[in-house]
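*Asks:* After the C-alpha cells below, expect a handful of questions from me.
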C-alpha cells in the first residue's frame with residue numbers, strides 16, 4: 001500500500017511477466033508516470049485496487065514479448081485488470097499513455113464482476129494493437145456505462161478497437177479517433193501529428209498531478225505534448 005507515492009522516470013525491460021503490479025489493499029494518491037516499459041510480456045497490472053486514486057500517465061508501454069508455455073505461445077498485454085483479492089478495482093486514471101501490444105486491455109475475469117470496477121478512466125491515450133487483434137479482451141467485465149467508467153479522446157490504430165468500445169456505451173469516445181501510428185526506435189509516433197490538439201480537456205478538469213503544461217489549452221493525444 002502507498003499514500004502520496006510516486007514511481008517515475010524508470011525503465012522496466014525484458015520482463016517475462018508483469019513489469020509492475022500496482023495491486024494493493026488500498027493505495028491513495030499513487031502516481032506512476034514518465035516511465036518506459038519495453039520488451040515485456042506484461043505491462044501494468046492493477047489486478048485489485050480499492051480506494052485510489054491511482055494516476056497512471058505519460059508512460060510508454062510496449063508489451064509485445066511472446067511467452068512460451070507448454071500449451072504453445074501466448075501474447076502478453078499492456079494492462080491487466082482483476083478484482084479478486086481486494087474485491088474491488090476503482091479510481092484508476094490512465095491519462096496520456098502510449099500502449100503497444102497484441103492485447104492492450106485484458107480483464108482477468110475468473111472472479112470478476114462488473115460492479116466491482118468503479119471510476120476507471122482512459123483519456124487521451126494511444127492504443128496500438130499488434131497483429132490481427134483489436135486490442136481489447138473481455139471488456140464487458142470493465143466497461144458498463146454505470147459506475148463512473150469512462151473512455152474518451154483516445155487514438156486507435158484500428159477502427160475495430162474504437163468501435164468495440166463505442167458499442168458498449170454511447171457516452172464513450174465522443175472524441176476518440178483512428179489514425180496511423182509509426183514506430184521509431186520502439187517509440188510510438190503518430191503519423192503527421194494527427195493527435196496534436198485532438199485530445200479532450202476532461203483531464204484538465206480533473207486536477208490531475210501532471211507537470212506538463214498545456215499552454216494552448218488543447219491537449220495532444222499520447223504521452224508527448226508537441
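Derivation of every value follows stated rules applied to the coordinates shown; laboratory data play no part. Predicted model, so just to flag it, every value in this text is computed and none were measured. Virtual Cβ from ideal backbone geometry, glycine too; neighbours counted across all protein chains shown.
*Asks:* Nearest 0.05, what FRET efficiency do residue 214 and residue 179 give at R0 = 25 Å with Cβ-Cβ as r?
*Replies:* In this case the efficiency is close to 0.80.
*Asks:* So if each residue of separation counts as 0.36 nm, and I subtract the Cα-Cα distance between residue 160 and residue 115, what length gain in nm does that give?
*Replies:* Taking 0.36 nm per residue and subtracting the Cα distance, the gain is 13.6 nm.
*Asks:* Also, quick follow-up: Ranking request for peptides 4-12, 60-68: highest mean number of other beta-carbon atoms within 10 Å first, then the rest in descending order. Walk me through the numbers on the way to the answer.
*Replies:* On the way: 4-12: 13.2, 60-68: 19.7.
With the highest mean Cβ count within 10 Å placed first, the list reads 60-68, 4-12.
*Asks:* Note down the relative contact order for segment 3-51 as a percent, whole number, built from C-alpha pairs under 8 angstrom at least six residues apart.
*Replies:* Relative contact order, segment 3-51: 49 percent.
*Asks:* Among 150, 117, 122, which comes first, second and so on when ranked by fewest other beta-carbon atoms within 10 Å?
*Replies:* With the sparsest Cβ surroundings first, the list reads 150, 117, 122.
*Asks:* With the cut-off at 1.5 for a/c, could you classify segment 1-73 from its C-alpha gyration tensor as rounded, prolate or oblate?
*Replies:* Oblate, since a/c reaches 1.5 and b/c is not below a/b.
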